[in-house]
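Chemist: Take a look at this one; I'll ask things after.
Read-outs throughout are calculated quantities, based only on the coordinates presented, and are distinct from any laboratory measurement. The structure displayed is predicted, hence computed values, not measured ones. Heads up, the Cβs are rebuilt from the backbone with ideal geometry, glycines too, and the neighbour counts pull from every protein chain shown.
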Amino acid sequence: MKVLQLSVLSFLIVILSLNGATLAHPYGDFLHCLSLRISNSSTISKVIYTQNNPSYSSVLNASIHNTRFATPTTPKPYAIITPLKTSHVQSTIYCSKNHGFQLRIRSGGHDVEGVSYVSQVPFVVLDLVNFRDVKVDTKNEVAWVQSGATTGELYYGIASKTQTLGFPAGICHTIGIGGHLSGGGFGILGRKYGLAADHVIDVKLVDANGRVLNRKSMGEELFWAIRGGGGNTFGVVLAWKVKLVPVPPVVTVFTVNKNLEQNATKIFHRWQYIAHKLPNELFTAVWVMKVNSSQVGKKTVQAGFRGMFLGGVDELIPLIQHEFPELGLAKENCTQMSWVQSILYFGGLPIQPVNILLNRSALPVSSLKAKTDFVREPMSETGIEGFMNMFLEEEADFAITMIEAFGGRMDEIRENELPYPHRAGILFESTYIVQWTNEAEAGRYISWIRRLYSYMASYASKSPREAYYNYKDLDLGTNNIVGYTSYEQASVWGLKYFKNNFKRLVQIKTKVDPMNFFRNEQSTPPL
Ligand code: FDA
């Protein structure tokens, strides 16, 4: 029946309008091509979701983590393909290429600009939701993890086998491995061990010609590019082999909240001079947001000083008292737990049961806009005051800035070791996020975050003003949606994400995908 439906569809020509011009699009040909290659009708129904399929919307929405891109006017894919095996991925590439569809690859769906599931030109989504195996080998301290798995599934897979190994990746447990590792991946083990991408030792990738490559067969240049140079630019990464890292069986986490009336500005000012120099075992961050003041009906701004120490509380307290007495850290601010529980603590979840890490919808989803900065010089006290005061504005009701200390291992890794260049000399990275519930008012909130970003210009890194590729920001510049994008045009955003590594990324792209099949608003273009 399904085959019949598809073959009828293959005779259809979908007429669509793009930029005022009307053109014919061979939608049916794409489906025909794919269904012929998959051939088995019961498999086809598990792999191809067209807009007529009753499950289409639920499959599309399942991993959308920014509802700003889930409105009725958001462009939708012609089909969502959920491959069950490698040959389905190869076929999707082949048929998209031959029938003029752009391909968007989705693993965990956390792309903050929706790039993995939205495009302005006819497109299909390749959703790796069925590629989520995690195989942990504690003897060799490695794991093979498929791209559609979440960081939480990897963390859980490790912790269910051992308490003394971990993996240095992001805080949020619902992030997909595919996007996260291909863009870098920084989290609470970052000062001790560096990025998630620093620990990738092999991959399985399907390139634009449908070839299945590993580290050896792709060569060191392409292997360099996909570890931080961005997903959806060089191919579909199906799986990653990662090196695990030692963690102690007990770690200590803490939170000390200070608001404007409790000297938050002064303590934050001091933190900037200390946090990047603390022992590598101690990660600290400051989370800034609007909160209720102790005065009824009033609001204030809170700086939440949060940390994770790879050791016990009795070692941590004297260390902080010596290095950062202004924080006033006390035993009651601290909790000892396992490394894997610390992920839940930072994610704002109960630390038991740990299997909540397997729940992909444990975190609320909203509409949001994010921007990032890397800061190399401490901000002045008045600078911090102005920044904090912006959170008193109405649009900042659901805004947060997560400021994470760098230094440690990040200082030791060369800027060109991987495409991700933000290493030595960075004091901290700031992720600014604003959220809203009423889509009709999105503009107000987006303009607030743009003002916050303009305000920070004098304090952030300069020439270029560095930005973190894993929190894409299309305000920084985009490629042409169709046609050629020059190196100069792409450099506007490319140098901010990759600094001097951008040139090398362009050269690799030119070699491995000269026809620019894998493309999006901020994919590295070929020359
Ligand atoms: P998604 O599936 O949307 O993909 C993101 C990009 O990668 C897209 O361009 C996509 O096409 C491409 N891609 C995905 N899978 C691919 C594959 N298999 N092969 C090739 N390309 C692929 N970052 C961080 O460093 N530390 C953190 O703590 C957090 N925390 C965090 C929390 C929340 C709530 C959000 C929304 C985001 C973060 N991030 C983060 C940023 C996160 O690392 C970034 O958004 C990742 O790209 C998400 O990867 P997903 O696979 O989930 O996204």
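Chemist: Between exposed trypsin sites (Lys or Arg not before Pro) in the chain, where DSSP calls loop and at most 10 other Cβ atoms lie within 10 Å, what's the longest gap?
Modeler: Details: sites that count: 139, 298, 414.
For trypsin sites (Lys or Arg not before Pro) (loop position, at most 10 other Cβ atoms within 10 Å), the longest site-free span of the chain is 140-297.
Chemist: If you take every residue apart from residue 394 with its C-beta less than 13 Å away from the C-beta of residue 394, what net charge results, scoring Lys and Arg +1 and Asp and Glu -1?
Modeler: Values: positive: 290, 299, 444, 451; negative: 393, 395, 397, 441.
Charge balance in the 13 Å sphere: 0.
Chemist: So how far, in whole Å, is the C-alpha centre of segment 201-225 from the one of segment 387-421?
Modeler: Cα centroid to Cα centroid, the span is 31 Å.
Chemist: Antiparallel as a % of all DSSP beta bridges within segment 26-127, to the nearest 5? Numbers along the way, then the final one.
Modeler: Details: 3 of 11 bridges.
Of the beta bridges lying entirely in segment 26-127, close to 25 percent run antiparallel.
Chemist: Taking K and R as +1 and D and E as -1, what net charge do the other residues with C-beta under 15 Å from the C-beta of residue 444 add up to? Mind dumping the intermediate values first?
Modeler: Values: positive: 68, 369, 450, 451; negative: 393, 394, 395, 397, 439, 441.
Around residue 444, the charge tally is -2.
Chemist: Measure nothing fancy, just the Cα-based angle from helix 27-38's long axis to the longest principal axis of the chain, in degrees from 0 to 90, nearest 10.
Modeler: 90
Chemist: Taking the 0 to 90 degree range and rounding to the nearest ten, how far is the long axis of helix 501-512 tilted relative to the main principal axis of the chain, both from C-alpha atoms?
Modeler: It works out to around 20 degrees.
Chemist: So who's got an amide H within less than 5 Å of the one on residue 102, skipping anything under 5 residues away but keeping other chains? H placed 1.01 Å off N, in plane.
Modeler: Sorted by chain and number, the residues that satisfy this are 123, 124.
Chemist: Would you work out the relative contact order for the chain, in percent, from Cα pairs under 8 angstrom that are 6 or more residues apart?
Modeler: Numbers: 1141 pairs, mean separation 72.9, N = 527.
It comes to 14 percent, rounded to a whole number.
Chemist: What is the Rg over Rh value, at two decimals, for segment 26-127, using alpha-carbon atoms and the Kirkwood definition of Rh? Walk me through the intermediate numbers first.
Modeler: Numbers: Rg = 12.8 Å, Rh = 13.6 Å.
Looking at segment 26-127, the ratio lands at 0.94.
Chemist: If the viscosity is 1.567 mPa s and the temperature 4 °C, what Stokes-Einstein diffusion coefficient in µm²/s follows for the chain when Rh is the Kirkwood radius over Cα pairs?
Modeler: Numbers: Rh = 23.9 Å.
Value of D from the Cα-based Kirkwood radius: 54 µm²/s.
Chemist: Show me the three semi-axes of the equivalent ellipsoid for segment 333-409, from the C-alpha gyration tensor (sqrt of 5 times each eigenvalue), largest first, rounded to whole Å.
Modeler: Working: eigenvalues 171, 75, 31 Å².
Equivalent-ellipsoid dimensions as semi-axes: 29, 19, 12 Å.
Chemist: Something else now. Once the other residues with Cβ under 12 Å from the Cβ of residue 207 are scored (Lys, Arg +1; Asp, Glu -1), what is the net sum?
Modeler: On the way: positive: 97, 204, 211, 509, 511; negative: 513.
The answer is +4.
Chemist: Given the rule -39500 (n - 2.57) for each run of at least 4 DSSP H residues, summed and divided by the residues of the chain, what is its mean residue ellipticity at 222 nm, to the nearest 500 deg cm²/dmol? Walk me through the numbers on the way to the answer.
Modeler: On the way: 18 runs with 157 residues, N = 527.
Theoretical 222 nm ellipticity from helices: -8500 deg cm²/dmol.
Chemist: Rounded, prolate or oblate: which one fits segment 262-371, using the alpha carbon gyration tensor with axes a ≥ b ≥ c (rounded when a/c is under 1.5, else prolate when a/b beats b/c, else oblate)? Can you show the working numbers first?
Modeler: Values: a/c = 1.78, a/b = 1.09, b/c = 1.64.
It comes out oblate by the Cα gyration axes.
Chemist: On a 0 to 90° scale, report how tilted helix 86-98 is relative to the longest principal axis of the chain, with both axes built from alpha carbons and the result rounded to the nearest 10.
Modeler: For helix 86-98, the angle is close to 70 degrees.
Chemist: Over what distance in Å are the Cα centres of segment 243-284 and segment 290-324 separated?
Modeler: When both Cα centres are located, 8 Å separates them.
Chemist: I would also like to ask the following. Considering only DSSP beta bridges whose two residues both sit in the chain, what percent are antiparallel, to the nearest 5? Before the final figure, lay out each step's value.
Modeler: On the way: 72 of 81 bridges.
Rounded to the nearest five, the antiparallel share is 90 percent.
Chemist: With a 4.7 Å Cβ cut-off, tell me which Cys residues in the chain come up empty for a partner.
Modeler: Singleton cysteines: 172, 334.
Chemist: Please report the orientation-averaged projected area of segment 477-526, defined via the convex hull of its C-alpha atoms, in nm². Could the numbers behind the result be given before it?
Modeler: Details: hull surface 11.7 nm².
Mean orientational projected area (segment 477-526, Cα hull): 2.9 nm².
Chemist: Give the distance, in whole Å, between the Cα centre of segment 349-382 and the Cα centre of segment 506-524.
Modeler: Segment 349-382 and segment 506-524 have Cα centres spaced 30 Å from each other.
Chemist: Same structure, new question: Students often get this wrong, so check it: of 192/472; 161/496; 204/499; 161/331; 97/161; 161/216, which have C-alpha atoms separated by over 32 Å? Kindly include the intermediate steps, with their values, before the conclusion.
Modeler: Working: 192/472 25 Å; 161/496 40 Å; 204/499 27 Å; 161/331 30 Å; 97/161 42 Å; 161/216 29 Å.
In this structure, 161/496; 97/161 lie more than 32 Å apart at Cα.
Chemist: Around residue 142, which amide H atoms from residues at least 5 apart in sequence, or from another chain, sit under 5 Å from its own amide H, with H modelled in the peptide plane?
Modeler: Here 137, 244 satisfy the definition.
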